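Each value in this text was obtained by applying a stated rule to the coordinates, not by laboratory testing. From a predicted model like this one, the values you see are computed outputs, not experimental measurements. All Cβ positions, even for glycine, are placed from backbone atoms using ideal geometry, and neighbour counts span all protein chains on display.
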Amino acid sequence: MRDFDYAVPSTLTDALALMAGASVARPLAGGTDLIDHVRTGRLAPDLLVDIKKLPELNRLEASPSGLRLGASVPCWKVIASTEISRDYTALVDSCRIIGGIQIQNRASVGGNLCNSGPAADSIPSLIALGAQCVIASKDGTREVPVEAFCTGPGKNVLQPGELLVELKFPARAVRSGSHYRRFIPRNEMDIAVVGVGASVTLDESGQRITDARIALGAVGPTPLLATDAAQALIGQAFDEVAIAKSVAAAKAIATPISDMRGTAEYRVHLVGVLLARVLKAAVARARGETFTYQPGH
Amino acid sequence: MAKKRVVSIKLNGDPVEFLCEPRQTLLEVLRDTLDMTGTKEGCSNGNCGACTVLMDGRPVTSCLVLAVEAEGAEVRTVEGVACGSHLAPVQQAFLEGAALQCGICTPGFIMQTEALLAENPSPTEEQVRFYLAGNLCRCTGYDKIVRAVMCAADKRRAAMDD
């Protein structure tokens, strides 16, 4: 593997100074993408800055004002969190299917976002749940909504010297529910052919949608916020007619490629199948019903 | 070349110090520096699970962990599973159930199974298959491995009841 230096700072200030200093510095969280990319020559860093000892990046704080998730928190801690499992279920659905158990024990949600793969399983959930990226550099801090973070396959808004510190989620609305699911030809350990995440809020009767956010993965160069698909549901009774309108709007923004995982036409079809299932599960959760996502079923 | 580092870990219960370059993986150091060759190299990109070891009790693919990242960690490899000359129930079940052919994947499966049974002593077949999804075997077709894991779970529970 390429020769590089390694630093493990204990303060964010030190980490940001290191990120700004070396000619090519990369942050190291779980390393499950990064180490492979360095080995294969896709990335050529001079310095890896291990961010796993930084308190700000290890944060996992659920409060009445929302959730703060540090960028280096591994998937297994997200899965084990009772608060995230209760209020941000789509994110747990995602973390349970990112790689296998060994990967989930290292890989972070922040790393999955920064790797910026079009098929990344956590990103549609982050978008559906309305997460904001907190980005720091030695010059200050800025916030970017997750749907504006990725700019192309493997590309994002991070500038040299910048570090994703945490993801901030709004408090879960009363009578809301969320879900993420993907289609793969296997039951586990695969890359999404299509992935769909959604969060919905219901009125007091539990029949009408008052708010919705829908996100699509693997049907464009970046994960997409499907605004029109959500708009088609808001104010409507949740029934097959509303689902069909939402599905049509979601399919309309899908611009997938054809590759070995599926043709463009197949992927557009899958958007409809998955979105209908995801919406039904998210609504069930919003109604307080138990819906356990068993991948492969 | 980047400066070598001294790293201290606990390996199968014993304190161990080693010198490594930042670019060396935990897998490389285990095999090439510490002569612990029970852990196998398969794909070297985290897909096959042959290099699975336990780090602070959690299974990880050691090809995707830098040795410097293991500083202060408790690492358990297949060499630490047997008790003296007595095979652990998981190892015995793999042997008796013929759950291996070429054997390259076996140390990874053993470590993953150790972690599974520590977390869930009575897994269903589906839970076994899901938990072992990150370990590939190109010989057995998995059925014998899954049966061996179920059998090992029974043996472990019986041993605990004694």
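In whole Hz, with x marking every Gly and Pro, tabulate ³J(HN,Hα) for the stretch A:284-294 from phi via Karplus 6.51 cos²θ - 1.76 cosθ + 1.60, θ = phi - 60°.
These are the phi-based 3J(HN,Hα) values: 4, 5, 5, 7, x, 7, 7, 10, 9, 7, 9 Hz.
Strictly over 24 Å apart at the Cα level, which of A:Lys52/A:Lys138; A:Lys53/B:Lys4; A:Lys168/A:Lys251; A:Lys52/A:Lys77; A:Lys138/A:Lys168 would you flag in this model?
With Cα atoms farther than 24 Å apart: A:Lys168/A:Lys251.
Give the long-range amide H neighbours of A:Val194: residues separated by 5 or more places, or on another chain, with amide H under 5 Å away, using H modelled in the peptide plane at 1.01 Å from N.
Result for A:Val194 returns A:Phe183.
Whole-Hz Karplus ³J(HN,Hα) for the stretch A:38-48, in order, using 6.51 cos²θ - 1.76 cosθ + 1.60 and θ = phi - 60°, x for Gly and Pro?
5, 4, 8, x, 5, 10, 10, x, 8, 9, 9
Round to the nearest 0.05 the FRET efficiency obtained for B:Asp56 and B:Ala158 when R0 = 22 Å and r is the Cβ-Cβ distance.
0.20
So if R0 is 60 Å, what FRET efficiency would B:Thr37 and A:Ile253 give, r being the distance between their Cβ atoms, rounded to the nearest 0.05?
Here the calculated transfer efficiency is 0.70.
Under the rule of -39500 (n - 2.57) per DSSP H run of 4 or more residues, summed and divided by the residues of chain B, what mean residue ellipticity at 222 nm is obtained, to the nearest 500 deg cm²/dmol?
-9000 deg cm²/dmol
Relative to the longest principal axis of chain B, what angle (0 to 90°, nearest 10) does the C-alpha long axis of helix B:106-119 take?
So the inclination is approximately 70 degrees.
Evaluate peptide B:63-74: per residue, the Cβ atoms of other protein chains within 10 Å of its Cβ; return the mean as an integer.
4
Mind listing the long-range amide H neighbours of B:Gly42? Cut-off is under 5 Å, sequence gap 5 or more, other chains count too, H placed in the peptide plane at 1.01 Å from N.
Residues meeting the criterion, in which the H sits 1.01 Å from N, are B:Ala50, B:Cys51.
Using the Cα centre of the stretch A:228-297 as the reference point, and only Cβ charges (+1 on K/R, -1 on D/E), how large is the resulting charge dipole? Debye, rounded to the nearest 20.
The dipole of the stretch A:228-297 has a size of about 140 debye.
What does the charge dipole of the protein assembly as shown about its Cα centre add up to, to the nearest 20 debye, if the Cβ of each Lys and Arg holds +1 and the Cβ of each Asp and Glu holds -1?
Dipole of the protein assembly as shown, to the nearest 20 debye: 740 debye.
To the nearest 20 Debye, how big is the dipole of chain B about its Cα centre, given +1 on the beta carbon of each Lys and Arg and -1 on that of each Asp and Glu?
Roughly 320 debye for chain B.
7 Å from Cα along Cα→Cβ at both A:Arg42 and B:Ser122: what's the point-to-point distance in nm?
Label-label distance for A:Arg42 and B:Ser122, simple model: 4.3 nm.
In nm, to one decimal, how far is the modelled label at A:Glu143 from the one at A:Tyr266, with both set 7 Å along Cα→Cβ?
4.2
Can you tell me which of A:234-242, A:43-51 comes out highest on packing, and rank the rest after it, using the mean Cβ neighbours within 10 Å?
Output ranking for A:234-242, A:43-51: A:43-51, A:234-242.
Calculate the mean, over all residues of peptide B:130-136, of how many other protein chain Cβ atoms lie within 10 angstrom of the residue's Cβ.
What the average comes to for B:130-136 is 6.
Give, as a single signed number, the net charge of other residues whose beta carbon lies under 15 Å from the beta carbon of B:Met160, with Lys and Arg counted +1 and Asp and Glu -1.
-2
Compute the length gained on full extension between A:Leu60 and A:Thr11: take 0.36 nm times their separation in residues and subtract their Cα-Cα distance, giving the result in nm to one decimal.
Full-extension gain reported as 15.9 nm.
Please give the peptides B:140-151, A:151-162 ranked by average Cβ packing (other Cβ atoms within 10 Å per residue), highest first, as a rough proxy for protection.
Top to bottom by mean Cβ count within 10 Å: B:140-151, A:151-162.
On the first, second and third principal axes, largest extent first, how far apart are the outermost C-alpha atoms of chain A in Å?
57, 45, 32
I want the local charge near B:Thr25. Using Cβ-Cβ distances under 12 Å, sum +1 for each Lys or Arg and -1 for each Asp or Glu among the other residues.
-3
Counting Lys and Arg as +1 and Asp and Glu as -1, what is the net charge of the other residues whose Cβ lies under 11 Å from the Cβ of B:Ile104?
+1
Picking from A:Leu126, B:Val29, B:Ala93, whose Cα lies most toward the positive end of the charge dipole for the protein assembly as shown (charges on Cβ: Lys, Arg +1; Asp, Glu -1)?
A:Leu126
Based on the Cβ-Cβ distance of B:Ser8 and A:Arg277, what FRET efficiency does E = 1/(1 + (r/R0)^6) give at R0 = 35 Å, to the nearest 0.05?
0.10
Please list, ordered by chain and number, the residues whose modelled amide H lies under 5 Å from the amide H of B:Thr25; skip anything fewer than 5 residues away on the same chain.
B:Ala67
P(r) for chain B, please, calculated from all Cα pair distances in 5 Å bins and given in %.
2, 9, 18, 22, 19, 14, 9, 5, 2, 1, 0, 0
Rounded, prolate or oblate: pick one for the stretch A:176-286, where a ≥ b ≥ c are the square roots of the eigenvalues of its C-alpha gyration tensor, a/c under 1.5 means rounded, and failing that, prolate if a/b is larger than b/c, else oblate.
It comes out prolate by the Cα gyration axes.
Taking θ = phi - 60°, what integer Hz values does the Karplus form 6.51 cos²θ - 1.76 cosθ + 1.60 yield along the stretch A:49-66, in sequence order, with x for Gly and Pro?
Calculated HN-Hα couplings, in order: 9, 6, 9, 7, 9, 8, x, 5, 8, 9, 4, 9, 10, 9, 9, x, 8, x Hz.
Which are the unpartnered cysteines of chain A, meaning those with no other cysteine Cβ under 4.7 Å from their Cβ?
Isolated Cys, chain A: A:Cys114, A:Cys133, A:Cys150.
So how tilted is helix A:240-253 from the main axis of chain A? Cα-based, degrees 0 to 90, rounded to 10.
40
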